[in-house]
Amino acid sequence: MPTEQEIFEKVRTTLVDALNVDDDEVKLQSRLRGDLNAESIDFLDIVFRLEKQFGVKIPREELFPESIFQGDPNFVTDGKVNEGGLKELQERMPFADLSDFRKDPRLEKMEDLFTVELIVNYLKKKLGG
Amino acid sequence: MLLKDQVALVTGGSRGIGKAIVQALAREGAKVAFVYRGSQQAAEELEKEITAAGGTTKAWQADVSDPEAAKRVVGGVMADWGRVDILVNNAGVIRDGLFIRMDPENWKTVLNTNLDGTFYFCRAVAEQMALRQRSGRIINVSSVAADHVNAGQTNYAASKGAVNAFTRALAVELGSRSVTVNAVAPGFIETDMSEAVRNKAGDFIAKKLVPLRRLGKPEDIAGVVVFLAGPAGAYVTGQVITVDGGLSLGAVTA
């Protein structure tokens with residue numbers, strides 16, 4: 001099983017290819033949208049490249065469940081992800097650290113969860129670590 | 001040769017405009033797979049003609065309105081030649097009739113072939129072009145009827161107008177992966193599809209409505225497709241290029 005550092009380095013290579021960014025821009029805490037300027041199609045591209053790079057199958061919405069809350073009042077109240085939504089999110093993304101998001105759970109902040117570290121943690125779990 | 005060793009896929013390729021597109025792409029050095037639905041003999045003759053001229057081609061029988069057909073054909077082209085550089089969605093049908101009497105089946109047939117078929121084939125090549133190759137040219141054959149309509153063509157006009165809108169929307173999505181998406185909108189072209197109208201009014205149209213004073217030939221469309229598929233078309237995307245001898249200018253010659 002690859003070490004965390006090995007996973008990170010392969011993820012970095014993937015992101016450099018997919019997003020056309022420099023090596024040193026990709027840090028563990030980098031947010032894909034906020035810091036690396038990823039657009040919607042880039043998320044598809046990243047998943048596609050990770051599958052090839054790591055030889056795993058990544059089902060749609062498993063790594064980046066971007067649209068799970070679209071218009072669902074059970075999960076979102078007044079533009080904020082409510083308790084039900086947070087519970088759902090933690091179940092969907094057991095590899096994610098939601099502590100910061102809980103402090104400011106505005107729906108539009110959800111994309112900040114999608115960081116390089118999130119991908120590394122996801123792959124660690126996925127590869128059995 | 002502008003398209004040496006590129007792989008092209010053309011639907012509705014055995015007759016009319018599609019045939020001229022297949023011939024033109026092959027002449028420019030592309031390997032050309034083409035789809036035909038019913039005209040097996042025409043397809044075989046075209047295969048022979050291109051092979052005899054030193055080109056590479058393969059005919060695929062399929063109905064583009066069948067959701068599974070595109071996957072099967074694109075899978076086959078990938079297995080044969082390993083990539084798809086150029087997709088030309090040319091297959092199209094008409095079922096003209098006045099709207100008050102329009103049979104829903106005729107509406108469906110036209111939309112399923114002209115619009116859904118275009119969607120299925122684009123969908124079948126999009127991941128390959130955008131994510132694997134990061135390059136590609138998609139060219140949809142539309143019609144001036146999308147904007148300049150004749151009576152009896154509500155279904156056809158709707159399908160082509162939708163193809164134009166789809167072309168622009170897809171161009172936006174795939175642009176960051178160097179895939180261009182454009183449409184060519186032919187006017188009156190001398191093909192089997194336009195035969196009935198030409199017999200009725202061909203002379204009048206050519207002499208009175210078309211500034212270039214002739215009906216179009218399939219080769220007139222194929223030339224623009226080659227432009228969009230080749231190096232000169234690299235920076236063109238999301239456009240509907242009208243190729244109609246000036247018909248849509250709306251002038252009546254005096």
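Here are a few things to note about the model shown:
- Computed from Cα atoms, the angle from the helix A:4-19 axis to the main principal axis of chain A rounds to 80 degrees.
- Nearest 10 degrees, 0 to 90: helix B:67-81 Cα axis against chain B principal axis: 50
- Considering only B:Lys160, B:Lys108, B:Lys19, the mean-square fluctuation computed in a Gaussian network model of chain B, springs between alpha carbons under 10 angstrom, is largest for B:Lys108.
- Taking every DSSP bridge with both residues inside the protein assembly as shown, close to 10 percent are antiparallel.
- Per-residue ellipticity at 222 nm, computed for chain B from helices alone with -39500 (n - 2.57) per DSSP H run of at least four residues, works out to -12500 deg cm²/dmol.
- Taking 0.36 nm per residue of separation and subtracting the current Cα-Cα distance, fully stretching the chain between B:Met78 and B:Arg134 would add 18.6 nm.
- Across the protein assembly as shown, the convex hull enclosing all Cα atoms gives 185 Å³ per residue.
- Partners of B:Lys4 within straight-line reach, counting lysines whose Cα lies under 21 Å from its Cα and excluding those fewer than 8 residues away in the same chain: B:Lys19, B:Lys31, B:Lys48, B:Lys58.
- 18 Å Cα-Cα reach of A:Lys87 towards aspartates and glutamates, excluding residues that sit fewer than 8 places from it in its own chain: A:Glu61, A:Glu62, A:Glu66, A:Asp72, A:Asp78, A:Asp97, A:Asp100, A:Asp104, A:Glu108, A:Glu111, A:Asp112
- Relative contact order of the range A:65-111, pairs being alpha-carbon contacts under 8 Å that are 6 or more residues apart, as %: 34
- Counting only alpha carbon atoms, the long axis of helix A:116-126 and the longest principal axis of chain A meet at about 80°.
- Relative contact order, whole percent, for chain B stands at 19, derived from Cα pairs under 8 Å and 6 or more residues apart.
- Links that overshoot a 32 Å alpha carbon limit, given the list B:Lys160/B:Lys200; A:Lys57/B:Lys71; A:Lys52/B:Lys160: A:Lys52/B:Lys160
Coordinate-derived values only; no laboratory data. Because the structure is predicted, anything quoted here is derived from the model rather than measured.
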